Structures are given as C-alpha cells and as structure tokens.
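First up is the structure itself, then whatever we jot down about it.
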Amino acid sequence: MELEEKNPDPKYGESRKFDPNFKGPIHNRGCTDILCCILFIIALLGYFAVGILAWSQGDPRKVIYPTDSKGQFCGQAGTPLEKKPLLFYFNILKCASPLVLLEFQCPTTQLCVESCPNRHLTLVKAKLGLSKEDQDYYKQYCKEGVDFSKTSAPEILRDGLCPSMLMPSKAFTRRCLPALGTMKGGVVVVGNETTFDDGEGANVNATELLEASKKSNVVVEARQVAMRIFEDYTQSWYWILLGLVIAMVVSLIFIVLLRFLAGIMIWVMIILVILVIGYGIFHCYMEFASLKGEPGADVTIRDLGLQTDFSIYLQIRQTWLAFMIILAIVEVIIILLLIFLRKRILIAIALIKEASRAVGHVMSSLFYPLLTFALLAVVIAYWAITAVFLSTSNEQVYKVFNTSECEYARETCDPKTFNTSNISAQCPDAECLFAFYGGETLYHKYLILFQFYNVFLFFWCANFVTALGQVTLAGAFASYYWAFKKPDDIPAYPIFSSLGRALRYHTGSLAFGSLILSLVQVIRVILEYLDHKLKGAQNKFAKFLLSCLKCCFWCLEKCIKFLNRNAYIMIAIYGKSFCTSARDAFFLLMRNIIRVAVLDKVTDFLLFLGKLLIVGIVGICSFFFFSGRIKAVEEAAPSLNYYWVPILTVVVGSYLIAHGFFSVYAMCVDTLFLCFLEDLERNDGSAERPFFMSQNLLTLLKKSNAEAKSVD
C-alpha cells in the first residue's frame, strides 16, 4: 500500500533539504506583501465611506411601503397617511398599458386609502343619488380637499379629482386590485358581475380588469411569495433555531467520536449515508406510487409552469420521480467510488486518525469557526444594509402622464408648479404624477459604481475572513505535526499564537490571495447577470460563448481556491509572501501528484460524506416534523404556507454548521498532508533525520525510524 513518487519532474523544483534547525512554523519572520496590505486598508476606508454616504442618502421605507402619486408612503407610522396603508388606483385599466413594463408605474392617479372598495359605484350615481352615505363612501377615494357637493361630475373627471367608478377590490401586497373570480365555464367575474359601467357611458369587461391587474402587479408579483415566506419564518423561527442547535450538537458529538473512534466512525458514517439516501429513494417511490390514479397527478412540471404555491409540485408524480432518479444516481456514484477506492480508504482513515489526534491536542480549534461565522455575519450584514440603502437613495422623479396626444408626455415635471406651467395649458388632461425613484445629481450618476464597489468589497472581505481562518488553523496544526515529542513539544495556545502571527505579519498576503479570488468571483457575477439579460435573445452563438465563459471561470475559481488554501498553509509554516508560498505549495504537490490524487481527495470525500450524513439526519427529521407526519408532535408543528421554507433553511443551515466543524478537520488534514510530504522529502528515518509522522502512518507507508520517537 506504499505510495512512492518515482523520479519527480525537476521542473517542479528540488525536494526539500534536511534542516536540523527546522522545528515547525518559523517564529522569526517579517511582514509580507505590504503594498497589498496598504491597498486593502485603503479599500476598507473607502468601503466605510460608501456605507456612510449610502446611510445618509438612502431610505429603506421605499422598499417597505407602497407609494402614492405624490411620492408619499402609504401606512408609514408618524405621518398623516399612517392609517391609510393601502394603495388605490383611479383607473386600473390604464395599468394594462405597455408603459408599465417600461417604467414600472401605472399612468393613473394613485391614492393611499384606509380600505379597498367593496361594492360597485359610479361617480355619476354617487353625485345624482340622494344617499349621503354613497357620497361619503365615494369621497374617501377622491383627492384630498375635493368639495364633492359643489363640484359637478364633469369638472371632477376633467381635473382628475376622483375616479369615474369604484369596483369590489381586495388588498394584495398592499394594493387594491379587483376582486376577480371565475364562474362555471371559466367566465371571469368581479363581485359576481361580468361587466361594469365605467362612469363615462361605456361598459368594462371583467376580463379587461384581469389583464390590467396582472400588469399593475408586474413589479410586486414576487412580493407575494416573499411575504408568505416571511410569514412562515415568523411562525417557525424558534423551531428552525432548535433544528440548527440539534445540527450543532450532532456535529460536535460526531467530531468528538471521530477523535476516539475514527476508524469505526468512518465506516459507520459510510454505511449510514448509504442507508439515508436509500431511505430517500424508498420514500420518493412510495409517494410516486401513492399518487397513481389521483386526479391531476399525471400533469407534467412543464405543463404546470411556475407556481407561487410550491406545494403544488409535490402533488404530481413527475416531481417525486425526478427526486427518486437524482437520489438513485447519487447512491450509485457513492457506491462505485467506495468500491474502487476501498484500498485507499485505509490510508485516508489513518490520516483522519492523525487529524483527530491533532484536534484533540488543539481543542480550541473546534471553536475557532465561531469567530469565522461571527466575522462573516458582520461582513454580510454590512453588505446587505449598504445595498438596501444604496438602492433606496434615489430621489422622487415625476413625469407627465396624459390620455391624449401631448408633446410633453413622459417628460420630467414638478408637481408644485405643474398647474401654472405651459404643459397644463397645452395639455389640459395631462397630470404630473410620481413615476419612479431616480436622480440626476453626481451621486446618482455614480450610484451603479457604488453598488459594484459594495459587491466587490463584500467578496474581498468575506474571502479575507475565510483566509484568516485557514492560515490560523494551518499554523496551529503545523505546530502539532512538527513537535517531535507530542504533546510535550507543542507550544502553548497554538491557535492564539497562529492568529497573532497571521494578523501581525501576513495581512497583506491574505489580502492578496483574497483579491485574486474576489476578481474571479465578481467576473462570474457579471457573467450571470449577462446570462440573465440574454435569456430572451435568439443568438445561439452568444449563449454558447457565455456558457463556455461561465464554465471556464467556475473551473478557474475552484483552482484558485485550491492553490490559495495550500499557499496559506505554506505562509503559516514559513512566513513567506503569497506568490512564493503559492509556488512552493504547487511544486510540492506536483512532486507528489500521486499521493495528492490518492490521499488528499479520498479524505475530502470521506469528510464530505460526514457532512452529508448530518444534513441527511437533520433534514429527514425536519421534513417529518414540519410536514406534520409525526403524530406525537403534530399539534406542535406550526401552520405554514410552504413547509419547505423551514425545512430548506434547516438543511442549508445544518450543512453550513457541519461544514464549519468539518472545515477544521479538512484544514487539519490538508495541513498534515503538506507537512507529511515535506517530512518525506526532508527526512529518511535515520537517527540523524527521523520522520515526524505518527507510527500508524509509518506502518502504513512501510517506513520506520531508526530510533522510535514518542507518539501519542
């Protein structure tokens, strides 16, 4: 089972020479990549400046509240419209205009109201009728200050003071839209009526209202799903937290057991992963079989299209068939890999056992991911808040809307001076209405650059935090490996010592590596944006070229992550600059390419199975709980719109938690692996040049020390 590298290619540098003074991570080191450190600090200062500027200009209320024709927020606390949370359209039919798709604004007066109309009533009927109740009811949907009793109906319609008619409506995403329904035969109705008098002598068909309602809601259609998802989170957040805590406990127990029973736990983990996925296949088959013969169950996903109620997809057989096929493919791939790698798994287990000993002697490493999580949470929160404030820092822009020909149509206007301007004289039916948020100042011209800078610095800071964690853990575990007598020669507080060295000497190197990775990630974001914009394009060559570029940059990102990770290990050990460390790590791996392919990747695969097992256990439990399939706790399960929302959240959160714990093991394995390769190059097992690796690794590799050293 020995893995020897025969005659390494000399173009990858010479093997490491024996150095009797080398005892692990070098303490006498200097600052590296100072220029990049200065650049990173300047970029951070600029990031703070952008944040302060955005917070001074932005207004998140624009995202929360609908806006009337004057740019005022409906339902905002502390304003005259506090008790008017809903937006009412004077003429919903105008929302069917193509202008809505261009400017995301209906060319009709919009008013904040307390409640939506619940009956059909025309302006003429309200004016000519003797009922004061009808007049008072109609008046609440007119502009403020209208003298309803003294102004004639033609004058009211001419000046656009009131709508020509009211119709039964319902609040949808804080907007009053016609209460549409269907009768037998698919006839569209509003309040059991198919046609309406529009108050101007014409009849309006309910089908026309349906089209107008769809167009008026083009911007906020996704908000319905978002609001339901938000409601589900408010109902189930404590159960989600409990699920994440359980995932953390399971991950911790697994890591502790791995420390003492690495060999047994690996095989148990492999068997359980196969069983969990096997159960998933069985469950999908049972659901698929149970839907046989059910009405509508044979509808295809293509025919169903995109639905906001995702639970509908679980009522068709094709969904469960797709799940079953995907799980079966994953199961077959895992089993085949285990069959072909069965001999290599023993060496990988020995490496994981060695990592378990290292983690056992550096127990504080298990808690370091908490610091990484906290720093990443700060970075994400700062980016999200800044993005919201930047996107809401535009000013109110008003434009001319009219029903007849007008040369000033769609031009910018000022509502305060509009009635006294030439526009109102030349176009009597024109109105100056709020259109959208924008601006023409210097700040607004460069707003897109600020957004781009926010995204770029988010990637840079997030990658820097990740790099800091990697170099810190690498330094601590390298201290363990190069301690000849374990644990006596391990320095005190290895995590804190390594963190101090990283921040004091290598901030520039970490920033350099993070910058390279961030540039590639930003390019990938731009390519995704272009792909989204070109989805409707017919140019096949452009689509093909874009797909190739996306694939290439995805591969490039993976390669850079791999090189960065190994470069950080070399930085932690030798304290050299990023480029030098990356070159040394690359050459070391290339001189031992067979060992890299066999050992390193197999251990990564085994650790991935561990994460998959934890996610599978927690995911299955959360599925049975939130879907109400556990009778004992059925009453405790919250009532949800989409039960997949908390399930998906728990699954993703569980994976991140498991990844956090297993990332310590993965970094430990990678560090020990590079140290192991250096050990083989530096030493030969003689009394003068003994190996530093454990006796288990020596035995598996059929090597020995002339004088046995003390091992754990």
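A crude spin-label estimate for the pair Ile325 and Asp489, with each label 7 Å from Cα along the Cβ direction, gives 5.8 nm.
Couplings 3J(HN,Hα) of the range 269-276, computed from phi: 4, 4, 5, 5, 4, 4, 5, 4 Hz, in residue order, whole Hz [Karplus 6.51 cos²θ - 1.76 cosθ + 1.60, θ = phi - 60°; x for Gly and Pro].
Distant-in-sequence amide contacts of Met165, defined by a placed amide H-H separation under 5 Å and a gap of 5 or more residues or a different chain, comprise Leu123. To the nearest 10, the accessible area of Leu338 is 20 Å² with a 1.4 Å probe. At the residue level, Lys561 shows approximately 90 square angstrom of accessible surface with a 1.4 angstrom probe and all protein chains present. Only protein atoms count toward the accessible area here, which uses a 1.4 Å probe; on the range 429-530, the carbon and sulfur part of that area reaches 70 percent.
Ranking Arg302, Arg591, Arg317 by solvent-accessible area of protein heavy atoms (1.4 Å probe, all protein chains present), from largest to smallest, gives Arg302, Arg317, Arg591. Once the Cα-Cα distance is subtracted from the 0.36 nm per residue extended length, the His120 to Gln695 segment shows a gain of 198.2 nm. Backbone amide hydrogens, once placed in the peptide plane, bring Leu86 within less than 5 Å of Val113, excluding anything fewer than 5 places away on its chain. Computed extension length for Leu371-Thr151: 72.3 nm, one decimal, from 0.36 nm per residue of separation with the Cα-Cα distance subtracted. Residues in the range 470-487 carry Karplus couplings, in order, of 5, 5, 5, 5, 4, x, 5, 6, 5, 4, 5, 4, 7, 7, 5, 10, 8, x Hz; the curve used is 6.51 cos²θ - 1.76 cosθ + 1.60 with θ = phi - 60°, and Gly or Pro positions show x. Pairs from the table (Lys70/Lys139; Lys353/Lys485; Lys561/Lys611; Lys70/Lys132; Lys150/Lys416) lying more than 23 angstrom apart at Cα are Lys70/Lys132; Lys150/Lys416. For Val378, the accessible area of its heavy atoms, probed at 1.4 Å with every protein chain present, is near 100 square angstrom.
The values are calculated or read from the model by the stated rules, or taken from the named source; none is laboratory data. None of these values were measured; they are calculated from a predicted model. Note that we place each Cβ from the backbone using ideal geometry, even for glycine, and neighbour counts take in every protein chain shown. With ligands, DNA and RNA removed, areas are computed over all heavy atoms of the protein, side chains included. Shrake-Rupley method; radii C 1.70, N 1.55, O 1.52, S 1.80 Å.
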